[in-house]
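Participant: This is the structure, below, for whatever I ask next.
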Amino acid sequence: MIRVVLAEDQAMVRGALATLLGLEPDIEVVGEASTGEEAVAVVGETRPDIALLDIEMPVMDGITAAAEIVRAVPDCRVMILTTFGRPGYLRRAMEAGAVAFMVKDSPARELAAAIRRVLAGERVIDPALAAAALSAGPNPLSSRERDVLAVAADGSTIGDIAVRLHLSEGTVRNYLSSAIHKTHARNRIEAVQRAQTQGWL
């Protein structure tokens, strides 16, 4: 049996995935999680063959959880299953150690087939997304620029961002200015939108 842990914050979606995979004769769902942090803990406890992670989860996102799982349980292969087919997400997921990246509108039979292929040592990546990631190029933002934009996303002031990230206001302005330039945006709101659309945040 292929032992799988599912991490998805929407209970209905998680339940549907568990039911669908449970119909497969060679796949067993041995654990479920609703946050990235919970996923890391459940994988540590159950030691599955596959961890199937959503990206957008509370507490810890799926890409961060993927890196933690790969480090803590190297024999577990990580697959990302997401609503958001963004090129930047794919690149970050692969850098975190994921070996598969699929979008949720794929047919259920493709997911089961992908799990078997991953266990056999293959990488499984949505072809359209792979092409988009190649044409989009690497994430131009530094880790600090990403941090500043991520905090700016909720409309925080320069002062608020500085306090939250333990930076000076001048440093925050410099990072925002650089991020706006690199995303070819007119202002920080547009820079946040463009970075989110690309999956850079």
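Participant: By the scheme Lys and Arg +1, Asp and Glu -1, what is the net charge of all other residues having a beta-carbon under 12 Å from that of ARG146? If you can, show how the numbers build up before the last one.
Facilitator: Details: positive: ARG92, ARG144, LYS182; negative: GLU145, ASP147.
Within the 12 Å Cβ shell, the charges total +1.
Participant: Same structure again: May I ask which residue of ALA114, PHE101, PRO140 lies farthest towards the positive end of the charge dipole of the chain, with charges of +1 (Lys, Arg) and -1 (Asp, Glu) on Cβ and the Cα centre as origin?
Facilitator: Toward the positive end, the furthest listed residue is PRO140.
Participant: For a quick protection proxy, order the peptides 94-101, 172-179, 61-68 by their average other-Cβ count within 10 Å, most packed first. Let's see the in-between values first.
Facilitator: Details: 94-101: 20.6, 172-179: 19.1, 61-68: 23.0.
Ranking the peptides 94-101, 172-179, 61-68 by packing returns 61-68, 94-101, 172-179.
Participant: Amide H to amide H, which residues 5 or more places from ILE2 or on other chains are under 5 Å from it, using H placed in the peptide plane?
Facilitator: ILE27, GLU28
Participant: Probe of 1.4 angstrom, ligands and nucleic acids ignored: what's the accessible area per residue over the range 15-149, in square angstrom?
Facilitator: Working: 6150 Å² over 135 residues.
Result: 46 Å² of accessible area for each residue.
Participant: When a/c reaches 1.5 or more, the comparison of a/b and b/c decides; with that in mind, is the range 1-119 rounded, prolate or oblate per its Cα gyration tensor?
Facilitator: Rounded is the answer for the range 1-119, as its axis ratio a/c remains below 1.5.
Participant: Okay, next question. When the distances between all Cα atoms of the chain are binned every 5 Å from zero, what whole-number percent does each bin get?
Facilitator: Here the calculated profile for the chain is 1, 8, 16, 18, 17, 14, 10, 8, 5, 2, 1, 0.
Participant: Summing Lys, Arg as +1 and Asp, Glu as -1, what charge do residues with Cβ under 15 Å from the Cβ of HIS166 carry, HIS166 excluded?
Facilitator: -1
Participant: Under the rule of -39500 (n - 2.57) per DSSP H run of 4 or more residues, summed and divided by the residues of the chain, what mean residue ellipticity at 222 nm is obtained, to the nearest 500 deg cm²/dmol? Spell out each step's value before the answer.
Facilitator: On the way: 10 runs with 108 residues, N = 201.
Roughly -16000 deg cm²/dmol at 222 nm, from the helical runs in the chain.
Participant: Roughly how many nanometres apart are two label points built 7 Å out from the Cα toward the Cβ at LEU23 and ALA120?
Facilitator: Going from the LEU23 label point to the ALA120 one covers 2.2 nm.
Participant: Can you give the relative contact order of the range 63-126 as a percent, counting alpha carbon pairs under 8 Å and 6+ residues apart? Don't skip to the answer; put the middle values down first.
Facilitator: Numbers: 73 pairs, mean separation 21.0, N = 64.
So the answer I get is 33 percent.
Participant: Related question: Give the relative contact order (percent, whole number) for the range 1-136; include only Cα pairs under 8 Å separated by 6+ residues. Spell out each step's value before the answer.
Facilitator: On the way: 255 pairs, mean separation 27.6, N = 136.
With pairs under 8 Å counted, the relative contact order is 20 percent.
Participant: For ASP154, ASP105, ASP49, write out the residues from largest to smallest accessible area, computed with a 1.4 angstrom probe and no ligands counted.
Facilitator: Heavy-atom accessible area, descending, gives ASP105, ASP154, ASP49.
Participant: Along the positive direction of the dipole of the chain (beta-carbon charges: Lys, Arg +1; Asp, Glu -1; about the Cα centre), which of ALA150, GLY31, LEU176 reaches farthest?
Facilitator: Farthest along the dipole direction, towards plus: LEU176.
The values are calculated or read from the model by the stated rules, or taken from the named source; none is laboratory data. Small disclaimer: the values here were computed from a predicted structure and weren't measured. Neighbour counts are summed over all protein chains in view; Cβ atoms, including those assigned to glycine, are modelled from backbone coordinates with ideal geometry. Each accessible area value is taken on the protein alone, full model and side chains, heavy atoms only, with ligands, DNA and RNA left out. Shrake-Rupley method; radii C 1.70, N 1.55, O 1.52, S 1.80 Å.
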